[in-house]
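J.: Following this message is one structure expressed as structure tokens.
Laboratory data are not the source of any read-out in this text; all were calculated from the coordinates shown. Since the structure is predicted, the reported quantities are computational estimates derived from the model, not experimental observations. Cβ atoms come from the backbone with ideal geometry, glycine included; neighbour counts cover every protein chain shown.
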Amino acid sequence: MVSERPRPMAPSRRNKIPVAVLGATGMVGQRLALLLSDHPWFELVELTASTRSAGHRYADVVPWRLERPLPGAIGALTVRETSVADVRAPLVFSALDASVAREIERPLAAAGHLVVSNASAHRMDDDVPLVVPEVNPDHLGLLGAQQRGGDGGLVTNPNCSTIGLVLGLAPLHRAAGVRRVVLSTLQAASGAGYPGVSSIDLVDNVVPGIPGEEEKIEAEPRKIFGSLDDSGAGGVIEAGIEVSSHTHRVPVIDGHLMAISVETDEGLSVARATELMASFRGEPQERGLPSAPSSLIEVVSAPDRPQPRLDRDAGGGMSVTVGRLRPCPVLGLRFELLSHNTWRGAAGGTVLIAETLVARGCLP
Ligand SMILES: NC(=O)c1ccc[n+]([C@@H]2O[C@H](COP(=O)([O-])OP(=O)(O)OC[C@H]3O[C@@H](n4cnc5c(N)ncnc54)[C@H](OP(=O)(O)O)[C@@H]3O)[C@@H](O)[C@H]2O)c1
């Protein structure tokens, strides 16, 4: 259980924090634009993309594919180039391809911007926090090492499948120590960005083996569940959790489903695991942050749930849904977990990190 703490001071409507979105025309950038169009603490003032889009009105170049209309005020913004000179906002959300993120995120941080990134480029760097705010908010402490030269810094959001996975594992890990995990993912088309996988490849089909994805799902939980190295060396001492992952792209628009088997140091009954998951909360819930779902893990009992179409919007896309919790004859416990890949798994995840940073007083 987390102890009661005072709620953060919310910036008033008149002094919202100006924010920029990099890679604003992509699948994650669109979610960020939608989320930030009506955020109580942040005001979206700058959008960037490639030189193909720069100089045009956002509404004229974005291939808008979300279920809600593009807000007019956001559509009227002119897209800028993705360069240090073009970004002025103190808080920057990056939804860039990893290759572009690798070039610009550190220079932006060095120029004094606080960058919260969805890209994989710097996730495993020693001095960069890789954070799910309900699981390891203490890793934001790594920012101190980066910020010796100023107020800027770089924080990363994990891979979209990793986020759902670690949220499901965290309550089990805290109570009983997760040792080994085997999982198979069924990942939505929007996870591949826009336009993503060709319809000829994906319709009436399942494509196994998403390039680069299994390595991230296997490595990132070790850092997230690791502990800060306070010996003076800095960085994170990784947790000794072994993860084996299979990945598949499936013809679903949004929502990654995972079939997960877990071995823990101490045995856990299904009833105890259910109780641990259903009651799991973290710092965002404790602080009442704007994007924090009150029910973080929805545990469902129907034998054919969770399903992407029915469950991906739980908690406004910020909760994960767990079902089919049952004994595993090989590893001990197994379940299915669904999380929305562009809300909790990307845009919403980075906004929740930024809210946590504000609440902790990490923004100038
Ligand atoms: N989709 C997901 O579910 C998901 C989940 C978690 C993390 N992520 C990560 O989030 C990032 C964005 O993913 P996405 O799915 O939104 O990708 P996407 O749909 O392909 O969008 C990529 C964005 O990057 C911009 N871009 C491409 N080349 C550029 C360049 N040379 N300079 C500046 N901007 C450039 C594009 O702008 P133009 O339109 O002008 O080309 C577009 O705005 C990736 O790192 C991805 O791995 C994605």
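J.: What per residue convex hull volume, in Å³, do the alpha-carbon atoms of region 270-364 yield? Can you show the working numbers first?
T.: On the way: hull volume 10.2 nm³, N = 95.
With only Cα atoms used, region 270-364 gives 108 Å³ per residue.
J.: Pairwise over distinct Cα atoms, reciprocal of the mean inverse distance: report the Kirkwood radius of region 160-341 in Å, one decimal place.
T.: Hydrodynamic radius (Kirkwood, Cα pairs) of region 160-341 is 17.0 Å.
J.: What are the ³J(HN,Hα) couplings of region 136-144, residue after residue, when phi is run through the Karplus curve with 6.51, -1.76, 1.60 and θ = phi - 60°? Round to Hz, x for glycine and proline.
T.: Each residue's phi maps through the Karplus curve to give 9, x, 4, 5, 4, x, 4, 4, x Hz.
J.: For region 19-108, state which GluC sites (Glu not before Pro) are in a DSSP loop and have at most 10 other beta carbons lying within 10 Å of their beta carbon.
T.: Those satisfying the criteria are E67.
J.: Using only the Cα atoms of region 61-207, build the gyration tensor, take square roots of its eigenvalues as a ≥ b ≥ c, and label the shape rounded, prolate or oblate: rounded if a/c is under 1.5, else prolate if a/b is larger than b/c, else oblate. Mind showing how you got there, number by number?
T.: Working: a/c = 2.05, a/b = 1.03, b/c = 1.99.
Note, shape of region 61-207 comes out oblate.
J.: Around G191, under 9 Å between beta carbons, what's the net of Lys plus Arg minus Asp minus Glu among the other residues?
T.: -1
J.: Please report, in whole Å, how far the alpha carbons of the chain spread along each principal axis, starting with the longest.
T.: Computed over the chain, the largest-to-smallest principal extents equal 58, 53, 34 Å.
J.: Let me ask something additional. Could you tell me the distance between the Cα centroids of region 198-266 and region 305-364, to the nearest Å?
T.: When both Cα centres are located, 13 Å separates them.
J.: Once you list every other residue whose beta carbon is under 12 Å from the beta carbon of R106, what net charge do they have if Lys and Arg are +1 and Asp and Glu are -1?
T.: Net of charged neighbours comes to -3.
J.: In nm, give the distance between the simple-model label positions of S184 and V330, each being 7 Å from the Cα along the Cα-to-Cβ direction.
T.: Once both label points are built, they end up 1.0 nm from each other.
J.: Here is a follow-up. Rounded to the nearest 10 degrees, what's the angle between the helix 160-176 long axis and the longest principal axis of the chain, both from Cα atoms, 0 to 90?
T.: 50
J.: Taking N as the number of residues in region 131-235, what value does Rg over Cα atoms divided by 2.2 N^0.38 Å take?
T.: It is 1.33.
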